[in-house]
Amino acid sequence: MNNSNHKITGNILIVDDIPENIKLLSQILKNAGHRVRAVTNGKMALKTINFQVPDLILLDINMPEMNGYEVCEQLKANQETQNIPVIFVSALDEVFNKVKAFSVGGLDYIIKPFNLEEVLIRIQNQLQINYSRRLIIKQNLMLEEKNKKLLTSQTLLSKKSESLEQTLRELKQAQVKIIQSAKMAGLGQLAAGIAHEVNNSINFIDNNLDYANSYLQELLNLVKLYQEEFPSPNQKIQKNLEDIDLDFLSDDLPQLISSMKKGAERIQKIVDSLSNFSRINQAEYKLVDIHQGIESTLALLKSRLEETDNLLPVKIIKEYAEIPQIKCYPNQLNQVFLNLLNNAIDFLEAKRQNKIEQQINSEQQLPKIWIITELATNEKILIKIGDNGVGIDESIIQRIFEPFFTTKKIGKGTGLGLSVSYQIIVEQHHGKLTCDSKIDEGSTFMIEIPINFSSK
């Protein structure tokens, strides 16, 4: 693999049963400086890989005898071929299971008909990741060899080992960051596309539900007028009224329309979350007062914090330290505050219920949220948002920042709030977002961000 001028070229294997596709892809890749081999089925692909391992495989999904998923599974089961990057290729009119593609070991996918620039960028991205992985392995081997030599001298070992371990950790972190960045970039593009397509359809449904409800009411009113003007219908109409149970329909149809309206609104919220996920790189970078952002977020959540007939109020305990203004993306940070505070309120739902029983308990058992700010170092601030709610089980706490993972009941959460928050804090602000939680004791999310960092 060549890494000259920062553009990586490699040996690419195309597996496709359609000669036209092979011809088109081969021409595109050769023009870009890549070396290309091509086969027309999965079995031939596995055989040719045994003779020469490629740097990357473009793998068609729908092929005779052995489909792309099966080929990829065999590659990943073999220690010698498991690290070859695989990009799946699928036509728009084919059934393409993205979840299965990633679960069997695929790293990306390309949709037919091909877009020249997209094909080259996706291939370049995976070649860069694979090159970085190999470089890290090579550097790790070099470090291990140096470590063995240093073992011969106890004095040198004590002086050098800590530095080498730190270098190794940084190399591994760099590898993880490269891979994670590529995955998040692809996921952001996917989210933006889904949000756009779903938003058009759901707006059409939502807008027409209002008209449908209006027309339904007019028809029901007309039926009532007929019943008033003609109280004694003929036998045929009377039988039909009994068969359809007009009274039940009159009561149930508006409720059915209302349920459909709520479902459309629910989908709209998910679309909004997907849109936020795909647009987090678009924001204004400026100097702000963090406390003002927290206060404005609390104002938005006022209705969720107040006492109701069935729920106790949530007590907000603020412990603000004297911290300087920081350079950041304020709209993004406000989104993080909103996500974390909304989660805290959700975690307190059980404690807020059964109001009469709760009132006789101690003050410590009442629902509370703590918001604490402090100066962590001369260069960083720390923000803590905690609650005394139900807490998060230790077995799943490592997964809470994964996209689409949620501990909430179906219909209560999209699984994007914490993932978006993590990317905003870690990727956009070069900070840290962690969580400490115990079942039945509550959760605390800790945000650590630099006071000043470069937005570039």
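The values are calculated or read from the model by the stated rules, or taken from the named source; none is laboratory data. Worth saying up front: this structure is predicted, and the values here are computed from it rather than measured. We place every Cβ from the backbone using ideal geometry, glycine too, and count neighbours over all the protein chains shown. Accessible surface areas use protein heavy atoms only, side chains included; no ligands, DNA or RNA. Shrake-Rupley method; radii C 1.70, N 1.55, O 1.52, S 1.80 Å.
The figures follow:
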{"item": "Boolean, Asn310 is of a type outside the set (Lys, Arg) and farther than 18 Å from Lys384 by Cβ", "result": "yes"}
{"item": "Extreme residue, farthest from Asn97 (Cα to Cα), among residues of region 59-86 that are surrounded by fewer than 17 Cβ atoms within 10 Å (Cβ to Cβ) and in contact with a strand residue (DSSP E or B) (Cβ under 9 Å, 6 or more places away or on another chain)", "result": "Lys76"}
{"item": "Residue list for region 63-96, restricted to those being without any contact (Cβ under 8 Å) to a residue 40 or more places away in the chain, under 20 Å from Leu25 (Cβ atoms) and either of a type in the set (S, T, N, Q) or not in a loop (DSSP other than H, G, I, E, B) (or both)", "result": "Asn67, Tyr69, Cys72, Leu75, Val86, Ile87, Phe88, Ser90, Ala91"}
{"item": "Identity of the residue in region 86-112, acidic (Asp, Glu) and over 20 Å from Arg133 (Cα atoms), that ends up modelled with the lowest pLDDT", "result": "Asp93"}
{"item": "Set Ser443, Ser437: member being buried (at least 20 other Cβ atoms within 10 Å of the Cβ), in contact with a Phe, Trp or Tyr (Cβ under 8 Å, 6 or more places away or on another chain) and at pLDDT 80 or above", "result": "Ser443"}
{"item": "Within region 196-224, tally of residues that are open to solvent by 70 Å² or more (accessible area, probe 1.4 Å), of a type in the set (Asp, Glu) and under 15 Å from Ser259 (Cβ atoms)", "result": "1"}
{"item": "Answer residue from region 97-113, given it is of a type outside the set (Ser, Thr, Tyr) and part of a strand (DSSP E or B) and is nearest to the chain's Cα centre (by Cα) among those", "result": "Asp108"}
{"item": "Test for Ile111: is it open to solvent by less than 60 Å² (accessible area, probe 1.4 Å) and touching a residue at least 24 places away in the same chain (Cβ under 8 Å)", "result": "no"}
